[in-house]
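One structure below.
Values in this text are rule-based calculations from the coordinates and carry no lab data. Owing to the predicted nature of the structure, the values given are computational and were not obtained by experimental measurement. Here Cβ is always computed from backbone atoms with ideal geometry, including for glycine, and neighbour counts include all displayed protein chains.
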Amino acid sequence: MGSIHTSGDQYRNYQDDRSAKAQDTIYTASNGAPVPHPYESQRAGENGPLLLQDFHLIDLLSHFDRERIPERVVHAKGSGAHGVYRTTDSLEDLCLADMFQPGKECPVTVRFSTVGGESGSHDCARDPRGFSVKFRTDEGNWDLVANNTPVFFLRDPAKFPHFIHTQKRDPSTHLTHADDSTMFWDYLSQNPESVHQVMILMGDRGIPDGYRHMHGYLGHTVKLINKKGEWVYCQFHMKSQQGAKFITQEDSANYSPDYSQKDLYESIAKGDFPKWSFEVQTMTPKQAEELWETDKINVFDLTHVWPHSKFPLRKVGEFELNENATNYFAEIEQVCFNPAHMVPGIEPSADPVLQSRLYSYPDTHRHRVGVNYQQLPVNAPRVNYRMGNFQRDGAMAFLNQGSRPNYISSIAPISFKERQVNLDKSHAHFASNAVTFLSEIREEDFKAPRALWEKVFDAKAKERFISNISGHMANCKEEEIIKRQIGIFREVSEDLAGRLEKATGVKGYPGIADLKFNGTHNGMARKEADRVANGMGDKGVQLSRGEANGAPVRGTHSSKVVANGGVNGAVNGVH
Ligand code: HEM
């Protein structure tokens, strides 16, 4: 056999394919056989039907028929680019992750997005923005799947699909909330813990001026572990070095539907590379327990923020985006970000929304892209050791790990890398009765939104906020929903509620004391009958009442369980 037909020719090189010029290629069918003209077809005579044997035409049409993959169920419209992250200030005292050593660099891919719209929707919609970063570290990929807001609409994960359905099209009219905002406000007015995020959304940050001018926040609490095995809670922030800018509701109509894509692409193309600094807030487990006791701020609650006065930002590094995608579909549509992609030194906290996300993303990736999505070049880890595992086969298996055993073989064993610390010592004291949990709305949930209204929004920002909300509520068909939502805003500020009443012409409820919510226990209800969500009886979900609403209370982080029942003390896993 001639040497040109040996194994080297069995695959094409990704980088070569990505960068080849059109002029350097020859037209072929998918099997590589040259075809003289792409428009030709075979038929039985000049006016006869087509021939089934015309592989070229069938090849062309059948591939075209399958060009679409499912769009992301949320965050479908997005833009992205590649770049480099660099650690400028060591975080080694708090985190053993290799990427946090001073001077350490790694390639990143970032994808920005709107949330509710389809993949063809407008970039200047009033919506939160997604901000996902894939750090290709020497110890595997770490994905920070964040938003441009530090809080979220919910803290009970089972609400997510319901909430998202209210952001999408009506099942019957097929209209979005631009034309009918009834279900949008129905959900929010039944789930008052959303109010802080609603205020951000309806305020100036609701339409950022492109993706370069917005900050990013994971919002969730995670854990950082250092080489001594000590750990702290952490929040990640990405601060735009271009500054934060916004577009007003009125002005948004003047922008192209692809404004953010154009702005990002063109600025990178002309060498004006956008940059973000990467910063952390950290607190010890003891501080987390104290924070609940003193300020009723729950670090496992995605609707709460950590006060910067007590937990100042600390800069760790920065990243810049300096390369546009060569092929949008391959590099941005197929990129799969997953909050469960963490590297040694970074661990999830018990935040229930984060915990749910750890499951949901890889599940959707298997559906949206396919089971072997991790083998695609944009997703593939680039570690400085040869990676191996026992995940084989499935659709489109490419790096299928050769002839290496597909189990833990004693004859040809795979190598294992030890953990640097005893992970069991970084867990909290979770042992308890199983509970069915649903959070309840309490006075403390209104503190941060109140500060936003009173201390952050200036006079003009307040006017824009009222006009944005009343404009949006003009399409809400149920007055009762508006009354409830104004009642919720009244708990934030009488001034805010009064202005909204004037702007909408609807007299809202005096507060939430006499409201029953279908989605949330009402810890502020006057009557016992209104306290339990949806009026559930004795066997309903009531356990958060009178307790810590999901916060880590004193003793949560005691090391008792680890000391007595950790790896050594456990009897075959029975504690
Ligand atoms: C229970 C809560 C949540 C669930 C079940 C959920 C689920 C999902 C799913 C299924 C996707 C589509 C992923 C894909 O097709 O690749 C997605 C995308 C995304 N989500 Fe969430 N999500 C939740 C909460 C959040 C929160 C709290 C944030 C921000 C802090 C967030 C940020 C994002 C971002 C940025 C994307 C787009 C990722 C990309 O650019 O590919 N999500 N989410």
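A few remarks follow.
Here's the yes/no breakdown for (1) surrounded by fewer than 18 Cβ atoms within 10 Å (Cβ to Cβ); (2) over 25 Å from the mean Cα position of the chain (by Cα); (3) not in a loop (DSSP other than H, G, I, E, B):
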| position | (1), (2), (3) |
| --- | --- |
| Asn254 | yes, yes, no |
| Pro257 | yes, no, no |
| Leu264 | no, no, yes |
| Trp276 | no, no, yes |
| Lys286 | yes, yes, yes |
| Glu290 | yes, yes, yes |
| Asn298 | no, no, no |
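- Each residue in region 320-341 was checked for being assigned to a strand (DSSP E or B) and either without any contact (Cβ under 8 Å) to a residue 60 or more places away in the chain or not hydrophobic (A, V, I, L, M, F, W, C) (or both), and 4 pass.
- Residues of region 226-252 classified as touching a Leu at 6+ places or on another chain (Cβ under 7 Å) and either surrounded by fewer than 14 Cβ atoms within 10 Å (Cβ to Cβ) or closer than 21 Å to Phe131 by Cα (or both), total: 5
- Hits in region 108-122 (condition: within 11 Å of the ligand (Cβ to nearest atom) and assigned to a strand (DSSP E or B)): Thr109, Val110, Arg111, Phe112, Ser113, Thr114
- Candidates Asn389, Asn379, Asn384: the one that is surrounded by 14 or more Cβ atoms within 10 Å (Cβ to Cβ) and under 29 Å from the mean Cα position of the chain (by Cα) is Asn379.
- Residue within region 56-69 that is within 16 Å of the ligand (Cβ to nearest atom), charged (D, E, K, R) and part of a loop (DSSP other than H, G, I, E, B) present: yes
- The set of residues in region 305-319 being surrounded by fewer than 18 Cβ atoms within 10 Å (Cβ to Cβ) and either assigned to a strand (DSSP E or B) or touching a helix residue (DSSP H, G or I) at 6+ places or on another chain (Cβ under 7 Å) (or both) consists of Arg314, Lys315.
- Entry remark, region 77-97: residues being crowded, with 19+ Cβ neighbours inside 10 Å and either within 16 Å of the ligand (Cβ to nearest atom) or among the charged types (D, E, K, R) (or both) number 7 in total.
- Meets criteria (without any contact (Cβ under 8 Å) to a residue 12 or more places away in the chain and within 16 Å of the ligand (Cβ to nearest atom)) for Pro161: yes
- Residue match in region 4-11 (condition: of a type outside the set (Val, Ile, Thr) and over 30 Å from Arg136 (Cα atoms)): yes
- Selection within region 314-372 - more than 25 Å from Thr87 (Cα to Cα), among the hydroxyl-bearing types (Ser, Thr, Tyr) and more than 10 Å from the ligand (Cβ to nearest atom): Thr326, Tyr328
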